[in-house]
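All remarks here apply to the structure that follows.
The values are calculated or read from the model by the stated rules, or taken from the named source; none is laboratory data. All figures in this text were calculated on a predicted structure; none of them were measured in a lab. FYI the Cβ positions are ideal-geometry reconstructions off the backbone, even for glycines, and counts take in every protein chain you see. When the accessible area is computed, the model is the full protein with side chains, heavy atoms only, and any ligands, DNA or RNA have been set aside. Shrake-Rupley method; radii C 1.70, N 1.55, O 1.52, S 1.80 Å.
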Amino acid sequence: MEKVETGSMANVMKKGTEMGLKSNYERMDSREEEEDEDLEVKWMERRRDTKKYVYACAMFASLNSILLGYDVGVMSGAILYIEKDLHITEFQEEILVGCLSVISLIGSLSGGRTSDAIGRKWTMGVGAIIFQSGMAIMTFAPSFTYLMIGRLMAGIGIGFGAMISGVYIAEISPADARGTLTSLIEICINLGILLGYVSNYAFSGLPEHINWRIMLGVGVLPSVFIGVALFVIPESPRWLVMENRLQEARSVLITLSETDIEVEQRMEEIEEAAKASKGHEDKAVWKELLYPSPAVRRMLFAGVGIQLFQQITGIDATVYYSPTIFKDAGIRSDKEILVATVAVGFSKTIFILVAIFLVDKVGRKPLLYVSTIGMTCCLFVLGVALTLPNSAFGIQLAILAVCTNVAFFSVGMGPVCWVLSSEIFPLRLRAQASALGQVGGRVSSGLVSMSFLSASRVISVAGVFFVFAALSAISVLFVKVCIPETKEKTLEQIEMMFRGNDSNRGEVEFEDAEHLIREGK
């Protein structure tokens, strides 16, 4: 009996021990699961906070583009009243409207060098101050001369801000969101245009010697927000690395990256690119741009070419002179003309959202194809509509053609141009080469804007839009031949892509680019 009882007790103790061990293991597993859940929650919180912060920085940097958009939009309506108040000629009207695009090249060229010297974000601040001063002079201008002085200053300020915003956003963005974030520039341009149109309509009822001054004066407000934003956003980590401020760059990347592994990967890639750049210090940047290697030549051809085609297809002329277009179509009332321009502004702004959602999903080239083909058709239809003046059908067709043209522009050519221009150049050339692209775009925009009225008198407004349609058709071929797909590639991988294979104009597979980077080639 005792043996049996002793055996039973031993079994009980053994089972108890096993149950205790099992319980301990279960508690350990439970603690590990809880720790894993805590880590996952913390990672999700960091990821969410990082996304919000990166988007906020990109949005603040994009505010510079509101200045450009507002000027384009507000001048289209303000010029109607400036012409009556200051009694300017048609030639002076063309110069006043178009000179901003040409003079902004001074800001773009200066901005590239300035941003390499004092940093990306403070260059944006310099541009905002110059623009603000110019708009203030225009608001109180007693004559055409003072109006031109203010206009020239505003153009220089826009050149500074618009050039460096895209570079800054591209340099702070992760590869999988860079297209979306850089496209915020085009959103802000469109928002600025829409605000300009709304300002025209809102103040059009005031006396002619006051309304246009208030329209222009309101443009000072966005630059105030830019000044505040400079104390919120960080400096570009790539610029900090170039200045050998590695600890600061790492600190910025920690706030811009979702994981510590991503921080180290991005830091390593940037340092590699910076070393390559320092190896070229004996060769001046502008000398390298003027006498480029085959890879840099392809980059310039793509970056400058896309800027040129963005403008020579007539988008700025369409926006600046939309009142003239609608008047030529048969609309007589200034109020009705301004209402039609507001519709154009809404179309341009709403459809940019389509590009924002798709640019990092379907890629750059598909959006460019849709955009350029759609614009070609719309510009041709607009030319046809303007051959039917003073008819209800012609007016409706003209309004529809203008609205759909700016919509197709916003889907692809508008935002993707900024994305490509800011991401395809290597670090050592990025600021200056982007400035060079801006020069091409601004000069072509200015020439188109300043010659629109004169050309319309020679070949008619309809004839001008038939020319734009032909140029847009050529841009489709340009996209096919010269523009590579850069979706989901880091800035360093894109540089390797252009260098990697001369036989197909620089396009290599994503895996090949990664291999080249790992090998340090």
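Restricting to DSSP loop positions (anything but H, G, I, E, B) with no more than 12 other Cβ atoms inside 10 Å of their own Cβ, which chymotrypsin sites (Phe, Trp or Tyr not before Pro) remain in region 396-452?
Sparse-neighbourhood loop chymotrypsin sites (Phe, Trp or Tyr not before Pro): none present.
Round to a whole number: what % of the accessible area of region 383-451 belongs to carbon and sulfur, probe 1.4 Å?
Answer for region 383-451: carbon and sulfur cover 77 percent of the accessible area.
Contact order normalised by length for region 64-148, with contacts defined as Cα pairs under 8 Å and 6 or more residues apart; what percent is it?
Here the relative contact order equals 27 percent.
Applying 1/(1 + (r/R0)^6) with R0 = 35 Å to the Cβ-Cβ distance of residue 477 and residue 47, what FRET efficiency is obtained, to the nearest 0.05?
The calculated FRET efficiency here is 0.25.
For 301, 357, 231, give the ranking by accessible area with the largest first, probe 1.4 Å.
Output order, biggest surface exposure first: 231, 357, 301.
Report the extension gain between residue 354 and residue 264 in nm, rounded to one decimal, defined as 0.36 nm multiplied by the number of residues separating them, less their alpha carbon distance.
Extending this stretch completely gives an extra 29.1 nm.
Starting from the Cα gyration tensor of region 409-457, take the square roots of the eigenvalues, sort them a ≥ b ≥ c, and report rounded, prolate or oblate (rounded when a/c is under 1.5, otherwise prolate if a/b is larger than b/c, else oblate).
It is oblate, given that a/c is not under 1.5 and a/b is not larger than b/c.
Once fully extended, how much extra length lies between residue 231 and residue 176, figured as 0.36 nm per residue of separation less the alpha-carbon to alpha-carbon distance?
17.1 nm
When the expected Rg is taken as 2.2 N^0.38 Å, what fraction or multiple of it is the alpha-carbon Rg of region 123-242?
This ratio for region 123-242 stands at 1.22.
At 4 °C and 1.567 mPa s, what whole-number value in µm²/s does Stokes-Einstein give for the translational diffusion of region 405-487, with Rh from the Kirkwood sum over Cα pairs?
Result for D is 88 µm²/s.
How large is the Kirkwood hydrodynamic radius of region 353-451, counting all unique pairs of alpha carbons, in Å?
15.4 Å is the Kirkwood radius here.
Over all directions, average the projected area of the Cα convex hull of region 311-365 and note it in nm².
With every direction weighted equally, the projected area is 4.7 nm².
Extending each Cα 7 Å along its Cβ direction at residue 90 and residue 202, get the distance between those two points in nm, one decimal.
Output for this residue pair reads 3.4 nm.
Find, among the chymotrypsin sites (Phe, Trp or Tyr not before Pro) in region 68-170, those assigned to loop by DSSP (not H, G, I, E, B) with at most 13 other beta-carbon atoms within 10 angstrom.
Hits after loop and neighbour filter: 140.
Cα-based Rg of region 148-193 per 2.2 N^0.38 Å, rounded to two decimals?
Region 148-193 yields a ratio of 1.38.
Work out Dmax and Rg for region 340-410 from the C-alpha atoms and quote the Rg first, both in angstrom.
Cα only, region 340-410: 13.5, 44 Å (Rg, Dmax).
If you line up the Cα atoms of region 39-106 on their principal axes, what length do they span on each, largest first, in Å?
Projected onto the principal axes, the Cα atoms of region 39-106 cover 69, 25, 11 Å.
Could you derive backbone 3J(HN,Hα) for region 237-247 from the dihedral phi with the Karplus parameters 6.51, -1.76 and 1.60 (θ = phi - 60°), listing whole Hz in sequence and x where the residue is Gly or Pro?
For region 237-247, the Karplus-derived couplings read x, 5, 5, 4, 5, 4, 8, 6, 9, 5, 5 Hz, x marking Gly and Pro.
What is the log10 of I(q)/I(0) for region 116-184, computed with the Debye formula using one identical point scatterer on each Cα and no solvent, at q = 0.16, 0.22, 0.24 Å⁻¹?
Values returned for q = 0.16, 0.22, 0.24 Å⁻¹ are -0.61, -0.84, -0.92.
Determine the principal axes of the Cα atoms in region 389-438, then give the extent along each, sorted from largest to smallest and rounded to whole angstroms.
Dimensions of region 389-438 along the principal axes of its Cα atoms: 56, 17, 8 Å.
Using square roots of five times the C-alpha gyration tensor eigenvalues, list the equivalent-ellipsoid semi-axes of region 175-252 in whole Å, biggest first.
39, 16, 8
Quick one: grab Rg to one decimal and Dmax as a whole number for region 265-402, Cα atoms only, in Å.
Looking at region 265-402, its Cα Rg and Dmax stand at 21.8, 65 Å.
Taking a threshold of 21 Å on the Cα-Cα distance, which of the pairs 51/275; 51/361; 51/348; 84/327; 51/487 fall above it?
51/275; 51/348
Compute the relative contact order of region 366-503 as a whole-number percentage, counting only Cα pairs closer than 8 Å that sit 6 or more residues apart in sequence.
Normalised by residue count, the contact order of region 366-503 is 37 percent.
Rounded to two decimal places and with Rh computed the Kirkwood way over Cα pairs, what is Rg over Rh for region 55-173?
Result: Rg/Rh = 1.03.
In nm, to one decimal, how far is the modelled label at residue 106 from the one at residue 287, with both set 7 Å along Cα→Cβ?
2.9 nm
Measure off 7 Å from each Cα along the Cα-to-Cβ vector at residue 117 and residue 470, then give the distance between these two points in nanometres to one decimal.
4.4 nm
Per residue of region 114-119, what does 6.51 cos²θ - 1.76 cosθ + 1.60 with θ = phi - 60° give for ³J(HN,Hα)? Whole Hz please, x for Gly and Pro, Karplus curve as stated.
So the Karplus estimates, Gly and Pro as x, are 5, 5, 6, 8, 10, x Hz.
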